[in-house]
1. May I ask you to list the residues of region A:6-39 whose amide nitrogen lies under 13 Å from a point 7 Å from Cα along the Cα→beta-carbon direction of A:Val65?
2. Taking the number of other C-beta atoms within 10 Å as the exposure measure, put A:Thr66, B:Thr165 in order starting with the fewest.
3. Could you grab the Rg to Rh ratio for the protein assembly as shown? Cα atoms only, Kirkwood for Rh.
4. On a straight-distance basis, which aspartates and glutamates could pair with A:Lys123 in a cross-link, Cα separation under 13 angstrom, same-chain partners fewer than 8 positions away excluded?
5. Among rounded, prolate and oblate, which fits region B:305-345 when a ≥ b ≥ c are the square roots of the eigenvalues of its C-alpha gyration tensor, a/c under 1.5 means rounded, and a/b larger than b/c means prolate?
6. Not counting the cut sites, what is the longest span of chain B without GluC sites (Glu not before Pro) that DSSP labels loop and that have at most 11 other Cβ atoms within 10 Å?
7. Count of lysine pairs in region B:345-409 with Cα atoms under 17 Å apart, counting only pairs 8 or more residues apart in sequence or on different chains?
8. In straight Cα distance, which aspartates and glutamates are under 15 Å from B:Lys450, not counting same-chain residues fewer than 8 positions off?
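Taken together, the values in this text are just the output of simple stated rules run on the coordinates, not laboratory data. Just so it is clear, the structure is predicted and the values come from calculations on it, not from any experiment. Note: ideal-geometry Cβ built from the backbone for every residue, glycine included; neighbour counts use all protein chains shown.
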Amino acid sequence: MISRFIAKRVFQGMVVIFFLSILSFAIINAAPGDPATALYGPLADRLTTEERARINRNYGVDRPVTERYIKWTANMLKGDLGVSYLEGRKVTDILKERIPNTLMLFLNSIILILIFSLILGLKAGFNEGSLWDKFISGLSVIFYSIPSFWLALLFILIFSVQLGFLPSSGNKSISGEGGIIDTAKHLIMPVSVMVIAHVGAYARFIQEKVKEESNSHYVTAARSNGMEERKLMKGIIKNALVPFINYLGITIPGFFGGSVMIETVFSWPGLGMISVKAANSKDYPLLMGTIFITGVMVVLSIIITDILELSINPSLRKQVT
Amino acid sequence: MKKIASILLTFLFVASAMFTGCGKQQTAATNADANKGKTLVYGAESEDEKLNPILTPAYANALIFRGLMRFDENNTTKPDIAESYTVSDDKLTYDFKLKKGVKFHDDKELKAEDVVFTIKSILDEKVNSEIKPEFEQVKDVQAVNDYEVKVALKKPFPPLLDKLTIGIVPKHCFDGKDINTADFNQKPIGAGPFKFVKWDKGNNITLNKFKDFYGKTGNIDTFVFKFIPDYNVRAMQLQTGEIDLALLEPSQVAKLDKSDKVKVNKIPTADYRGIMYNFKTKDIFKDVNVRKALSYATDKKGIVDGILLGYGEVAYSPIQLNKYNNPDVEKYEYNLDKANALLDAAGWKKGNDGIREKDGKKLTFSLFARNNDEVRVKIAEYVAAQGKKVGFDIKVDARDPKAMKIKDTEAFVVGWGSPFDADDNTYSIFQSSQINSGSGYNFGSYIDAKVDESLEKARTTSDENERKQYYAEFQKELAENPAFSMDVYLTALYGVNKRVSGYNDKRVLGHHGEGFIWNAEEWNIQ
């Protein structure tokens with residue numbers, strides 16, 4: 001039953017990724033510019049027509065788009081994402097270095113966001129009209145409005161420059177021997193900024209959902225029938241969580257986009273930074289690789305939220321069977 | 001509910017531990033030496049993609065690799081791996097004798113075949129080398145014996161010695177490998193003062209002192225390139241001491257100047273900005289008065305003070321910071337009256353809209369600036385505003401440079417410079433033979449017989465005084481018949497921790513302040 005559901009979702013995910021690859025390949029190729037111009041970068045003033053033709057020929061971008069796409073897909077199915085134009089090494093090798101860093105930042109942030117938004121949101125939602133309720137509503141608007149790059153710079157100024165507590169860039173110290181404590185120190189600031197940037201929206205969402213449920217007829221009916229307040233709360237939370245998890249699934253892709261800014265300011269060597277660089281420099285194989293892997297991560301996280309939703313919402317289970 | 005939350009959290013923790021765990025294992029293989037001895041950390045603006053002088057210039061190349069020749073503090077070439085060299089009378093053959101006993105970092109001796117391999121690889125069609133056009137004049141290169149190399153040229157080419165500062169790579173590292181994708185590009189081996197230790201992708205590159213280096217060295221044991229793309233963060237890390245050296249933006253200088261830890265060095269560069277006219281796409285530029293008027297109408301001092309915040313110099317010649325500079329040329333000091341008078345005299349009459357026209361042609365053109373270079377965009381906007389005062393209608397077109405071919409633009413905010421031999425970036429830009437030549441940069445199709453002649457003569461003479469004379473003539477003629485409206489030279493701003501000594505703050509730098517760490521092996525740290 002549930003395995004069939006998962007199989008179906010995975011299949012759907014694969015279809016999504018397939019179309020994503022066609023779409024991104026088309027968009028990348030429709031954008032102006034070519035790898036030769038990108039290779040020259042700041043020296044673009046000295047790129048002559050002959051040089052441009054020679055380098056593009058070497059990279060094979062003088063071939064038609066469809067031909068290149070078919071070749072890319074065929075290689076991709078074999079697990080080969082090609083060779084990065086700029087770095088001259090395998091895209092899979094580059095991704096292997098970057099993915100753990102991005103996941104480290106992402107997972108730590110999302111866990112903290114979940115914890116804080118649930119605690120704050122539930123507390124505010126169950127105490128409608130209280131000072132706490134108003135405080136959370138206000139706070140979430142403030143957090144949501146703070147530009148994350150500004151907050152990041154402010155953190156660096158306070159905690160690195162003024163106080164000297166935390167390192168301001170990278171994901172480990174130069175010697176690379178600090179171990180877990182060193183990594184944690186490097187994580188604190190970027191994760192804090194990620195959490196502050198997102199926790200407001202999630203807390204507010206759960207807060208509103210809890211209020212909505214609390215005021216619905218079934219709750220009033222249950223309460224008037226003398227249902228225990230604890231049991232009632234449990235039911236409300238369960239029902240409020242379903243749309244919350246849904247919301248989570250929808251907003252997770254935005255996370256990967258938003259982390260680009262954080263990664264740049266903190267020089268965090270993740271996927272965000274490398275994909276921006278790849279896009280700017282027309283490094284087609286690397287860019288396709290980062291889009292592909294981000295697509296896979298997004299699809300995976302959506303499947304996970306679907307399964308979670310399924311496990312707490314019995315009415316969905318009926319649809320599955 | 002609790003159950004679900006705990007399942008969720010456990011899952012995420014496990015996943016987190018799994019993935020990040022792999023990350024740690026990969027990076028555990030680090031070098032213990034990095035902590036020992038004196039370490040200098042350079043906050044680099046961007047991360048290099050590969051370290052191989054054949055393929056591309058890179059920050060760290062200057063320290064890992066050495067070439068036959070090397071620039072000294074005056075930007076003139078001196079033999080480096082070459083012990084001496086001779087030039088044939090027809091200036092077509094260069095004969096280099098190599099130093100004996102020069103070692104690569106893998107302990108193998110550097111021999112003539114490595115030099116031949118390096119140059120031949122650059123010229124190889126299949127190799128994606130960015131510097132191939134610079135070696136276009138090389139006809140052949142051969143090893144006479146293990147310690148002697150002959151380079152034959154197609155035409156006399158004095159900047160060859162400049163070009164041969166290119167780092168020599170060991171041939172034996174590329175046996176049967178594709179240079180474009182070789183492992184070497186990520187783990188380079190050269191004969192320079194620092195050897196490659198590790199490249200922690202996205203974070204830093206670590207180099208250690210090479211004990212068998214043949215030259216003079218200071219006390220730096222470890223040189224680290226730390227990649228910090230954000231310039232605000234670079235300035236902050238200079239203050240915290242996390243990094244010792246970084247390129248700064250003009251807006252940061254005032255604050256850092258007050259710091260007792262950091263010295264801000266203001267270093268001249270041969271990197272100029274100006275407006276390139278395209279004679280092929282726009283007829284109005286054929287009238288020299290139009291070009292002169294625009295030069296007079298541009299307040300260059302205003303650009304230095306307003307756009308560069310004072311960190312620059314008014315430009316009048318493309319080789320102004322070169323030893324062959326001729327200051328005795330028309331400098332086009334800001335003068336709106338002169339600009340108006342020139343245009344009036346040439347028959348450009350102001351229309352109702354304030355735009356001048358002549359024979360039904362409006363005094364209008366579009367000015368392209370790369371949108372990823374703030375200074376260029378501001379200069380374009382400024383020139384457009386100034387031009388309007390004397391009846392020009394200049395449309396600023398700030399766009400992604402990748403979406404544009406310079407040859408197709410009507411006018412272009414250009415950036416060139418000749419920090420080294422005066423022929424470099426003059427002949428290829430202003431000589432008319434370079435309009436359609438594969439390696440030429442005369443994108444504006446500028447033609448002037450006198451300029452052609454003096455550049456050609458300067459290129460084929462080796463007598464210093466004669467060359468100076470030819471370049472003086474070239475500058476005079478270029479000022480009279482401008483190919484560019486010269487605006488400003490940029491000043492590079494380097495913040496350096498006060499514990500570092502021995503660096504050179506006088507040497508004229510290249511594009512984007514390139515070249516500051518040229519003699520880093522001789523620096524000392526307290």
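1. A:22-33
2. A:Thr66, B:Thr165
3. Radius of gyration over Kirkwood radius for the protein assembly as shown works out to 1.03.
4. Output for A:Lys123: A:Asp133, A:Glu208.
5. Verdict is oblate for region B:305-345.
6. Values: sites that count: B:Glu73, B:Glu125.
That would be B:126-526.
7. The result is 18.
8. B:Glu473, B:Glu477, B:Glu480
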